[in-house]
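A quick write-up on the structure given underneath.
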Amino acid sequence: MREALICEPLRTPVGRYGGALRDVSAQALGAAVVRGLMERTGLSPAAIDDVLFAQCYPTMDAPALGRVVGLDAGLPVGIGGLQLDRRCGSGLQAVIYATMQVATGASDIVLAGGAESMSNAPYYTTAGRWGVKGDSLRFDDSLARGRVTAGGRDHPVPGGMIETAENLRRDYNIPREEQDAFAVESHRRAVAAQGRGIFADEIVPQAPLDYFLSQCSACTEGRAPTYCRIAGPSSYARLLLPLWGDGHINSLLGAVVCDAL
């Protein structure tokens with residue numbers, strides 16, 4: 001098989017849940033990065049063979065997200081695209097599939113990644129199409145519902161990834177103190193790296209994002225929305241409270257709910 005290479009990894013800034021990028025759709029985030037990628041590399045749009053994008057909380061505003069992102073970014077209509085979901089491993093799975101396509105010779109150049117606007121995850125119902133029964137219509141929050149139903153009918157996961165993390169720390173006997181220390185140090189390193197500009201080259205320049213970042217005051221002032229912030233002792237005390245019963249997993253250890261590509 002051929003050797004496959006990962007070239008020019010790019011991303012957007014990371015927006016807090018309900019924060020600066022709240023009104024930006026996943027397809028807009030994706031299209032902005034693809035535009036920036038094409039400008040940075042000088043690739044001909046016709047050279048792209050496929051666009052593989054992961055998303056866990058899609059809407060029908062952008063079915064087959066990779067296809068919509070490609071079109072919105074100005075790629076030719078003849079270039080295909082798809083959407084996949086392997087939950088928290090979705091973005092990595094998109095890269096794996098792209099690698100397989102290149103390695104086997106099915107494709108030469110594939111755009112792969114993941115986009116999520118958790119602020120725009122829909123509330124939905126499956127009970128309204130044929131009329132409302134009774135005096136109310138129930139809507140489910142896709143963020144909460146998807147975490148429970150990912151185990152199918154017979155293997156529900158009430159705690160989502162929090163429950164999974166609790167299971168793993170018990171299975172591997174990881175002490176609470178070790179988890180907290182790792183989380184604090186990881187956060188410290190991220191803040192320090194951001195302060196030194198280490199992330200700058202991987203974030204799409206502002207120009208390709210102007211069509212939505214112009215509405216974000218932090219961005220127009222040259223400051224990207226971010227999750228990397230220094231927390232004081234009082235903040236850490238709040239973040240270290242268990243999220244689930246008498247467990248260990250807390251906000252400092254948990255994965256963020258955010259808007260980003």
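Each peptide among 28-37, 71-80 gets the average number of other Cβ atoms lying within 10 Å of its residues, and from highest to lowest they stand as 28-37, 71-80. Compute the label zone of residue 173 within region 240-258: residues whose backbone N is under 14 Å from the point 7 Å along Cα-to-Cβ. No residues fall inside that zone. Peptides 178-185, 93-100, 115-122, 4-11, ordered by how many other C-beta atoms sit within 10 Å of their residues on average, highest first, read 115-122, 93-100, 178-185, 4-11.
Students often get this wrong: which residues of region 8-33 have the backbone nitrogen under 16 Å from the point 7 angstrom along Cα-to-C-beta of residue 123? So the set is 18.
Taking the number of Cβ atoms within 10 Å of each Cβ as an exposure proxy, the fewest-first ranking of 130, 244 is 130, 244.
Only alpha carbons enter this Debye calculation for region 111-210, each as an equal point scatterer, and the log10 of I(q)/I(0) it gives at q = 0.11 Å⁻¹ is -0.69. Cα centroid separation, region 96-112 to region 167-205: 31 Å.
When 162, 203 are ordered from fewest to most other Cβ atoms inside 10 Å of their Cβ, what list results?
Neighbour counts put them in this order, fewest first: 203, 162.
Only one of the values [x] 21.1, 69; [y] 24.0, 80; [z] 20.3, 61 was calculated from this structure for Rg and Dmax of the Cα atoms in Å; name its label. So the calculated entry is the one marked [z]. Extents of region 1-140, largest first, come to 60, 32, 28 Å (Cα atoms, principal axes, whole angstrom). In order along region 117-132, phi translates into HN-Hα couplings of 10, 5, 5, 9, 4, x, 8, 8, 9, 10, 10, x, 5, 10, x, 7 Hz, rounded to whole numbers, per the Karplus curve 6.51 cos²θ - 1.76 cosθ + 1.60 with θ = phi - 60° and x for Gly and Pro.
Under a 5 Å amide H cut-off, with hydrogens placed 1.01 Å from N, residue 114 pairs with 54 among residues at least 5 apart or on other chains. A cut-off of 5 Å between modelled amide H atoms, ignoring neighbours fewer than 5 places along the same chain, links residue 258 with 118. In order along region 103-115, the Karplus-derived 3J(HN,Hα) couplings, from 6.51 cos²θ - 1.76 cosθ + 1.60 at θ = phi - 60°, round to 4, 7, x, 5, 9, 9, 10, 10, 8, 9, x, x, 9 Hz, and Gly and Pro are given as x.
A short reminder: the numbers here are calculations on the coordinates, not readings from a lab. Only a predicted model underlies this, so the values are computations on that prediction, with no experimental measurement involved. Note: ideal-geometry Cβ built from the backbone for every residue, glycine included; neighbour counts use all protein chains shown.
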